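Here is the structure we will look at, set down as structure tokens.
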Amino acid sequence: MKDIYSAIKVSDNVYWVGAIDWTIRDFHGYTTPHGSTYNAYLIMADKITLIDTVKKPFKDEMLARIQSVVDPSKIEYIISNHSELDHSGCLPEVIDFIKPEKVFASTVGVKTLKELLHNAHEIIAVKDGETLSLGNMDVSFMETRMIHWPDSMFTYLAKDELLFSQDAFGMHLATLERFADEIPAATLEYEGATYYANIVLPYSAIVLKALEKVAASGLKIKIIAPDHGPVWRKDLGFILDLYKKWALQKPKAKAVVIYATMWHSTEKMAEAISESLAQSGIKTKLISMNETHRSEAAYEVLDAGALIIGSPTLNNNILPQMADVMTYLKGLKPANKIGAAFGSFGWSGESVKHLEEILKEMKVDLVTESIAVKNAPDSGVLEKCHDLGKIVAAELLKKVNN
Ligand code: FEO
């Protein structure tokens, strides 16, 4: 019987030979409700070359897709653009099976692969700007350190004007459609933004430099082939412009109110603040961490200009749901936000001070005094919350319109 898996032609000389992970729902703390793909690519040059591999359990799926084009033992080169295990987990087994002539990675990639996989295979370091002949065509390498690991690099195939971009321009989306132009634009924008917010955001300054480096290189790029999600072969400006926008993090007239609650006191305060923000013309998202995953909060924070956070006091601290999301958001380093804190307490009341400290560590500009209420908010406290919303809205509109 013919294998169920098949390669998909991406360009004159390149096939997609990756794997579709329909069931993954957690990617080191980032929830992936729509699964993912691990993209590997085959260049059918004189020296048949495999670009990246897949997560360990998907090795046979990748090999079957390769087999639909060529016997895997004919592969002479493997290039690892990114060492993270979703792209290298099966590399030692694949090397043993294929026995390629040479395996390449960036200088840092060589070290990282050794440290992660402890394999005995020799991996050859390639440098930024170096060109490698595949016989009848060449590939060149561009280091993209910290997008999003130190080892990360792009590989460019001039003959097909194709950029293999590893995690950059990717998304966690399991589909049988292999090209972005087969998927609705709203889905691409949502999934791409969610991926950027949860993976790439801390490295936004480096992303801007990389976009400039690619533009300055004069490389003709007709196709961008990332390591997750669909391949971009039409209107590349769509994803390139979005990356520029996400990386710049210009504040929008949007506020995100994130809270957790015990007995609904902090929740009532959050609702009063949110209503006020919306009434002042601010697009507002109210997120209860009692019900919401941290990844969704990260997605909403990406383009927000204001971050307002609330928690009751629990054992002299904040609620664990808030500690979780704020630890996560702090690590993602969102920039250019204003904010405020609020919360309720029964007796000691430390939560608001903790929240203020977190916002300060995140370099969020606190534009008004925090509100802390003992036990439940009365109408006077809710009015103060309403005023807090109005102050944040006014400050945000000033900032956005500057
Ligand atoms: Fe898709 Fe950073 O690995």
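The values are calculated or read from the model by the stated rules, or taken from the named source; none is laboratory data. These numbers were taken from a predicted model, which means no experiment stands behind them. A quick note on method: Cβ atoms are made from the backbone with ideal geometry, for glycine too, and the neighbour counts reach across all protein chains shown.
In the stretch 345-379, which residue that is of a type outside the set (A, V, I, L, M) and closer than 20 Å to Lys390 by Cα is nearest to the chain's Cα centre (by Cα)? So the residue we want is Asp365. Contact annotation: residue pairs with Cβ atoms under 6 Å, 6 or more positions apart or on different chains, pairing a residue in the stretch 267-294 that is farther than 15 Å from Val325 by Cα with a partner that is of a type in the set (Asp, Glu) and crowded, with 20+ Cβ neighbours inside 10 Å, are Lys285/Glu300.
Name every residue in the stretch 135-147 that is surrounded by 20 or more Cβ atoms within 10 Å (Cβ to Cβ) and assigned to a loop (DSSP other than H, G, I, E, B), in order of residue number. Those that are surrounded by 20 or more Cβ atoms within 10 Å (Cβ to Cβ) and assigned to a loop (DSSP other than H, G, I, E, B): Thr144, Ile147. When we screen Ile371, Ile391, Ile309 for residues that are in contact (Cβ under 8 Å) with a residue 24 or more places away in the chain, among the β-branched types (Val, Ile, Thr) and surrounded by fewer than 19 Cβ atoms within 10 Å (Cβ to Cβ), the only hit is Ile391. Ala40 meets all of the listed conditions (1) of a type in the set (A, V, I, L, M, F, W, C); (2) farther than 16 Å from Gly170 by Cβ; (3) buried (at least 17 other Cβ atoms within 10 Å of the Cβ); (4) touching a Gly at 6+ places or on another chain (Cβ under 6 Å) but one, namely (2).
Taking the listed residues Val381, Val364, the one that is buried (at least 18 other Cβ atoms within 10 Å of the Cβ), out of contact with any Lys or Arg (no Cβ under 6 Å at 6 or more places or on another chain) and aliphatic (A, V, I, L, M) is Val381, with no other qualifying. Between Ala45, Ala64, the distinction of being away from the ligand (no atom under 16 Å from the Cβ) and farther than 18 Å from Phe164 by Cβ belongs to Ala64 only. Checking each residue in the stretch 100-131 for being more than 16 Å from the ligand (Cβ to nearest atom), part of a helix (DSSP H, G or I) and aliphatic (A, V, I, L, M) picks out only Val110. The set of residues from the stretch 95-120 being surrounded by fewer than 17 Cβ atoms within 10 Å (Cβ to Cβ), touching a helix residue (DSSP H, G or I) at 6+ places or on another chain (Cβ under 8 Å) and under 11 Å from Asp151 (Cβ atoms) comprises just one member, Leu116. Among the conditions (1) among the hydrophobic types (A, V, I, L, M, F, W, C); (2) part of a helix (DSSP H, G or I); (3) in the same structural domain as Val54 (by TED's automatic domain parsing); (4) surrounded by fewer than 18 Cβ atoms within 10 Å (Cβ to Cβ), Ala278 misses just one, which is (3). Looking only at residues in the stretch 23-37 that are within 13 Å of the ligand (Cβ to nearest atom) and of a type in the set (Ser, Thr, Tyr), which one is surrounded by the fewest Cβ atoms within 10 Å (Cβ to Cβ)? Going through the qualifying residues, I end up with Tyr30. Checking each residue in the stretch 70-99 for being among the acidic types (Asp, Glu) and within 10 Å of the ligand (Cβ to nearest atom) picks out Glu84, Asp86.
Listed here are the residues, each with its yes/no results for (1) in contact (Cβ under 8 Å) with a residue 24 or more places away in the chain; (2) surrounded by 23 or more Cβ atoms within 10 Å (Cβ to Cβ).
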residue	(1), (2)
His172	yes, yes
Leu176	yes, no
Asp181	yes, no
Thr187	no, no
Thr194	yes, yes
Asn198	yes, yes
Leu201	yes, yes
Ser204	yes, no
Leu208	yes, no
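Could you say which residue among Ile20, Ile4 is surrounded by fewer than 16 Cβ atoms within 10 Å (Cβ to Cβ) and not polar (S, T, N, Q)? Break it down stepwise before answering.
On the way: Ile20 fails: surrounded by fewer than 16 Cβ atoms within 10 Å (Cβ to Cβ).
Being surrounded by fewer than 16 Cβ atoms within 10 Å (Cβ to Cβ) and not polar (S, T, N, Q) holds for just one of Ile20, Ile4, which is Ile4.
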